[in-house]
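Enquirer: The structure that follows is given in the form of structure tokens.
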Amino acid sequence: MIRVANLTKHFRVHERPPGLKAALRSLVSRTYKTVKAVDGLSFEIQRGERVGFLGPNGAGKTTTLKVLAGLLHPTSGDVVVEEHIPFLRKTTFLERITLVMGQKSQLIWDLPPAETYAMNRAIFDVPHAAFAATLAELTELLDLGPLLNKPTRQLSLGERMKCELAAALLHRPTTLFLDEPTIGLDVSMQLAIRQFVRDYNQRHEATVMLTSHYMDDVVALCPRVIVIDRGTLIHDGDLRGLIKQMDPDKRVSFTLPADAREPDALIAKLGTVIERDGPRVTVRVPEREVAGVVGHLFEHHATDLAIEDPPLEEILRVMFKRESPPT
Amino acid sequence: MRKILRLALVQLRISASSAMAYRLDFFVEGLMSLVWMTLTLLPLVVLYGTRTSVAGWTADEALVIIGYFMLVRAVLEGVVSPSLVELVERIRSGAFDYTLLKPVDAQVLVSTAKFEPWKLFDVLGALALLVYAFVRRGYGPSAVDLALGSLLLVAGVAAMYALWIACAAAAFWVVRLDNLTYLLGAVFDVARWPIQVFRGAWRFVFTFVIPVALMTSYPAMALLGRLGGLRALAVVGCALAMLVASRLLWRVAIRNYTSASS
């Protein structure tokens, strides 16, 4: 379980205008600015939940995850993870959590991942039998077989990420903080990692907190989302609810037959056009009018009909714009 | 403690396999070890070519200091320095986050992060040199002197380690640490000379500020039977104090760690 109450994390950063003169002046007297990376954040996550943690760049997501994992000392507020105060970094706490950072690596560069695993086994003091069982399970779930004994530097980005995940999970943590675990990966690798995270979550009733720039990851994995911007909470709840609340309209896409008469007039009648690429059209339609619109499209022999929720990217774009201060 | 020892063994094995990953390097480094040993002895040969005693030390006794110097240097270059380089690299890249996430004291993890196994050749060379020095002198150390000399070797290595950990702690604030380690390395080179060679302010600096005398001169004097029990105790005390101080500094540094950007 994760409980965060009124968390703030401020950084004091040294500020200086560009140029040599300013650089010289900054040697003598420096001006500091306090950056509020996280500013009064509160939420609670129950055991076994999968939660998406969203926000624009610089919103404070990574800082929050680092505080939760005990890497950073909070400026103020209470944080409890797995019944521990993270920054004390007690052994019993560290044995139950893991933090995976898509942009940082813990694998030993010149050696095969198996060596890193052996080291983590020693560090976490995992008994040999349990280690073998976990490694076998991870090897199966992530399809690591051919990778284990290849030097890390010869692995592709996706292969390395899978090995990173395994390295982070060998001690069977029950709370997973995943910071951009799919960054830079191709679609099939993204799918594999998603599937794996869901499996792990279900097998071990593990709590998962995930940040990702790929909204598909979040939509596929997280029934609940926490959205923050500039360090403060702007939404916490059901993902579908968020979409409905922000934009209840559906997206209806279709392809008009080549011989359609007066297509412009027809499209205009259906709803607001969002995208039009030759005969392929996407319009925005209020939910209660969807049935009528679909009937109409059938009459005109439209094909490849699709009705979807607005994409999460769009919802977030609107949210973050709205939250921005007037300029 | 057993866990730490086991961990160090695993890291040693991994470092050794890392080293073997580049086969040519392994042989080149082994050869370099021999070359360095010869070069270390060269100034001594030149100096004692024209005189029989320098600052109260005969050539054979000076060889004992060089032996200690090579032992401490082997630990420095084989364990401490590579680990420190690794630490700075991890702080810069942010991978140090992963070190802090491990349920083992970060200082232990950092200190054992990297070994250069071929420095074992240096240790063997240094031991051979010590034996040679005593053979030339004509008689070996007494049992008490041997025990005291060994104890002070440990103290000397501890003092050196403390100095480097203090330096490592600085890495959390300045990140680019290359110059500081070069400076420390250059200062450490002074340890090949008996402390009595230095006078006035320099002797003070090398005994108390950057205590290289603790690392080689005093242990050598103990082995040669030229250091009283009380002074030996003071050396051990100083080394312990340095260890404690560096530990405190390290903990302050860890608390202030802000982690590199995501």
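The values are calculated or read from the model by the stated rules, or taken from the named source; none is laboratory data. No experiment lies behind these values; they were computed from the predicted model shown. Note: ideal-geometry Cβ built from the backbone for every residue, glycine included; neighbour counts use all protein chains shown. SASA here: full protein model, heavy atoms, side chains in, ligands and nucleic acids out. Shrake-Rupley method; radii C 1.70, N 1.55, O 1.52, S 1.80 Å.
Enquirer: For the structure I just gave you, tell me whether residue A:321 is under 30 Å from residue A:60 (Cβ atoms), within 33 Å of the chain's Cα centre (by Cα) and loosely packed, with under 12 Cβ neighbours inside 10 Å. If you could, list the steps in order and put the result at the bottom.
Expert: Details: under 30 Å from residue A:60 (Cβ atoms): yes; within 33 Å of the chain's Cα centre (by Cα): yes; loosely packed, with under 12 Cβ neighbours inside 10 Å: yes.
Yes, satisfied.
Enquirer: So which of A:131, A:124 ends up being aromatic (Phe, Trp, Tyr), surrounded by 13 or more Cβ atoms within 10 Å (Cβ to Cβ) and within 23 Å of residue B:90 (Cα to Cα)? Give the steps one after another, and end with the answer.
Expert: Details: A:131 fails: within 23 Å of residue B:90 (Cα to Cα).
Result: A:124 is the single residue among A:131, A:124 that is aromatic (Phe, Trp, Tyr), surrounded by 13 or more Cβ atoms within 10 Å (Cβ to Cβ) and within 23 Å of residue B:90 (Cα to Cα).
Enquirer: Scan region A:60-76 and report the pairs whose first residue is basic (Lys, Arg) and whose second residue is open to solvent by less than 10 Å² (accessible area, probe 1.4 Å), with Cβ atoms within less than 7 Å and a gap of 6+ or a chain change.
Expert: Once the first residue is basic (Lys, Arg) and sits in region A:60-76, its partners that are open to solvent by less than 10 Å² (accessible area, probe 1.4 Å) give A:61/A:53; A:61/A:211; A:61/A:228; A:66/A:72.
Enquirer: Restricting attention to region A:246-290, and to residues there that are open to solvent by 30 Å² or more (accessible area, probe 1.4 Å) and of a type in the set (Val, Ile, Thr), which single residue is nearest to residue A:302 (Cα to Cα)?
Expert: Per the stated criteria, the residue is A:273.
Enquirer: Would it be correct to say that residue B:67 is out of contact with any strand residue (DSSP E or B) (no Cβ under 8 Å at 6 or more places or on another chain), surrounded by fewer than 21 Cβ atoms within 10 Å (Cβ to Cβ), in contact (Cβ under 8 Å) with a residue 12 or more places away in the chain and under 24 Å from residue B:221 (Cβ atoms)?
Expert: Values: out of contact with any strand residue (DSSP E or B) (no Cβ under 8 Å at 6 or more places or on another chain): yes; surrounded by fewer than 21 Cβ atoms within 10 Å (Cβ to Cβ): no; in contact (Cβ under 8 Å) with a residue 12 or more places away in the chain: yes; under 24 Å from residue B:221 (Cβ atoms): yes.
Spelling it out, it is not the case that residue B:67 is out of contact with any strand residue (DSSP E or B) (no Cβ under 8 Å at 6 or more places or on another chain), surrounded by fewer than 21 Cβ atoms within 10 Å (Cβ to Cβ), in contact (Cβ under 8 Å) with a residue 12 or more places away in the chain and under 24 Å from residue B:221 (Cβ atoms).
Enquirer: Mind counting the residues in region A:32-59 that are open to solvent by 10 Å² or more (accessible area, probe 1.4 Å) and touching a Gly at 6+ places or on another chain (Cβ under 6 Å)?
Expert: Final tally of qualifying residues: 3.
Enquirer: Within region A:220-272, how many residues are free of Cβ contacts under 8 Å to residues at least 12 places away in the same chain and small (Gly, Ala, Ser)?
Expert: Final tally of qualifying residues: 3.
Enquirer: Take the residues in region A:118-127 that are without any contact (Cβ under 8 Å) to a residue 40 or more places away in the chain and in a loop (DSSP other than H, G, I, E, B), then tell me which one is farthest from the other protein chains (Cβ to nearest Cβ).
Expert: Out of the qualifying residues, it is A:127.
Enquirer: Of the conditions (1) within 12 Å of chain B (Cβ to nearest Cβ); (2) part of a loop (DSSP other than H, G, I, E, B); (3) farther than 22 Å from residue A:210 by Cβ, residue A:146 clears all except one; give me its number.
Expert: (1)
Enquirer: Given the residues A:137, A:159, which is the only one that is under 30 Å from residue B:12 (Cβ atoms), surrounded by fewer than 19 Cβ atoms within 10 Å (Cβ to Cβ) and either away from chain B (no Cβ under 13 Å) or of a type in the set (S, T, N, Q) (or both)?
Expert: Numbers: A:159 fails: surrounded by fewer than 19 Cβ atoms within 10 Å (Cβ to Cβ).
Only one candidate qualifies: A:137.
Enquirer: All but one of (1) within 14 Å of chain A (Cβ to nearest Cβ); (2) closer than 19 Å to residue B:249 by Cα; (3) surrounded by fewer than 20 Cβ atoms within 10 Å (Cβ to Cβ) hold for residue B:96, so report the exception by its number.
Expert: Here residue B:96 clears every test but (3).
Enquirer: Look through region A:221-237, keep the residues that are more than 18 Å from residue A:38 (Cα to Cα) and at pLDDT 90 or above, and return whichever of them is most open to solvent (accessible area, probe 1.4 Å).
Expert: Initial filter on region A:221-237 (more than 18 Å from residue A:38 (Cα to Cα)): A:221-224, A:237.
Now drop any that are not at pLDDT 90 or above, which leaves A:221-224.
Values: A:221: 10, A:222: 4, A:223: 77, A:224: 36 Å².
Filtering first and then ranking leaves A:223.
Enquirer: Quick check, is residue A:179 within 14 Å of chain B (Cβ to nearest Cβ), of a type outside the set (A, V, I, L, M, F, W, C), closer than 30 Å to residue A:98 by Cα and crowded, with 17+ Cβ neighbours inside 10 Å? Step through it out loud before you land on a result.
Expert: Numbers: within 14 Å of chain B (Cβ to nearest Cβ): yes; of a type outside the set (A, V, I, L, M, F, W, C): yes; closer than 30 Å to residue A:98 by Cα: yes; crowded, with 17+ Cβ neighbours inside 10 Å: yes.
Here the answer is yes, as residue A:179 does meet what is asked.
Enquirer: Within region A:1-25, track down each residue that is in contact with a strand residue (DSSP E or B) (Cβ under 9 Å, 6 or more places away or on another chain), more than 14 Å from chain B (Cβ to nearest Cβ) and open to solvent by 20 Å² or more (accessible area, probe 1.4 Å).
Expert: Taking region A:1-25 first, the residues in contact with a strand residue (DSSP E or B) (Cβ under 9 Å, 6 or more places away or on another chain) are A:1-16.
Now narrow it down to the ones that are more than 14 Å from chain B (Cβ to nearest Cβ): A:1-8, A:15-16.
Selection gives A:1, A:3, A:5, A:6, A:15, A:16.
Enquirer: I need the helices (runs of 4 or more DSSP H) fully contained in region B:178-262, keeping only those with at least 2 residues that are within 14 Å of another protein chain (Cβ to nearest Cβ), open to solvent by 40 Å² or more (accessible area, probe 1.4 Å) and not small (Gly, Ala, Ser). Spell out the reasoning first.
Expert: On the way: elements: B:178-188, B:200-204, B:212-215, B:217-223, B:229-255.
Ranges flagged: B:229-255.
Enquirer: Need the failing condition index for residue B:159 against (1) open to solvent by less than 60 Å² (accessible area, probe 1.4 Å); (2) touching a Ser or Thr at 6+ places or on another chain (Cβ under 9 Å), just the number.
Expert: Result: residue B:159 passes all but (2).
Enquirer: Would you check which residues across region B:23-58 are of a type outside the set (A, V, I, L, M) and surrounded by 12 or more Cβ atoms within 10 Å (Cβ to Cβ) and list them?
Expert: The first filter runs over region B:23-58 and keeps only residues of a type outside the set (A, V, I, L, M), leaving B:23, B:25-27, B:29-30, B:33, B:36, B:38, B:40, B:43, B:48-53, B:56-58.
B:25, B:26, B:29, B:30, B:33, B:36, B:40, B:43, B:48, B:57, B:58, listed by residue number.
Enquirer: Could I ask something else about it? Considering only residues of region A:178-206 that are over 14 Å from the mean Cα position of the chain (by Cα) and not in a helix (DSSP H, G or I), which is farthest from residue A:239 (Cα to Cα)?
Expert: Among them, the one singled out is A:186.
Enquirer: Further question on the same structure: For region B:103-143, how many residues are in contact (Cβ under 8 Å) with a residue 12 or more places away in the chain, in a helix (DSSP H, G or I) and open to solvent by 60 Å² or more (accessible area, probe 1.4 Å)?
Expert: 5
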